[in-house]
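Heads up: the structure comes next, in structure tokens.
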Amino acid sequence: VSAGKMALEMTGVDRPGLLSEISAALAHLECRITSAVAWTHRGQAACMINIEDVLEASQVQAQLENVLEAHHNDDEARSVKLASPSAGQTDSERRLHQLMAAERGDDYGQCCSCGSEEFDGLYVQKERCDGTHVRIESCRESGYLMIAVRSRDRPKLLFDTVCALTDLAYVVHHAAVGSNDSTAFQEYYVKREDGCSWYSEAEKQRIVQCLSAATERRCSQGVRLEIHANDRLGLLSDITRVFRENGLSITRAEMAVRGENATGAFYVKETSGDESVDQRTIERVVREMGSTDIVLDNTLSGSRRSCVSTKFSLGSVIWAQLERLSWNFR
């Protein structure tokens, strides 16, 4: 079989060292990794890895299945899929959302219940609460479902939310987004793709769970390490092995190869669950990485900042922007 490019999708239970053993198996089979993205959320793990120099796809598939089997009990769900990349392939991060939602089944995410159950009450932010809040109301006159989401602000938040709504077969007709300090507010007016304007309570609850999960999956836990290195066969295996041997668990990772250079960001925490990593552990990791350049961003550890109570209206922000724009044209 001629050498080729393949795309790997994997889901399973989050276990320390799982990504390390997967990348080690690929290195042993002399498969070169060109990009990798891995997420963990509520005890679940999923990754997408693009590889080259695949000589025997069935052998790679069998080896990876053996790795997953060793990390799972018989009753624990896991999956491995190896396929040739195709034109129009789904964005890797959106695909990760789909994989994790499919594996989770009915157990999606948990919406914070500290705030008001009323739709407008979502914009009254409780002190020290930066959990995800989702509220839904039906508008009988227009047939819209009104969805409001309050959560911590972060990059790609809008992408994650819209992907979740699209995968749930809803069409966004109107939307407004804004942020206040570290808090993001999103408001959507949606309809089902099939045109039905009746929404059951079970359906609304599923939307709440899916949006909560989509918002929380990408939230960073632990310490962020940026890594720059010359690309080589087995690079990801070496990096993840050092983390594992120093008692660190990877909560999220992304790596890409451009030419002869590889760059990546790894979010790690202690295998005990502690998000604050001992400085001596970081120093050992840096020493063992050798020629690999590592940049430490320790601001993520304990990043859930306290927020002051505030009344925030998306409408007021949008109207203020419109008034400012109108004034500029006078």
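Some observations on this one:
- Calculated FRET efficiency, Gln279 to Leu158, Cβ-Cβ distance, R0 = 30 Å: about 0.25 to the nearest 0.05.
- The label-point distance for Glu137 and Glu288, in a model that sets each label 7 Å from Cα toward Cβ, rounds to 5.5 nm.
- Computed extension gain for Val171 through Ser58, at 0.36 nm per residue and net of the alpha carbon distance, reaches 36.7 nm.
- Leu29/Asp297 FRET efficiency (R0 30 Å; Cβ-Cβ; nearest 0.05): 0.35
Any read-out appearing in this document is the output of simple, stated calculations on the displayed coordinates, not a laboratory observation. This is a predicted model, so every value here is computed, not measured. Please note: Cβ atoms are built from the backbone with ideal geometry, for glycine as well, and neighbour counts cover all protein chains shown.
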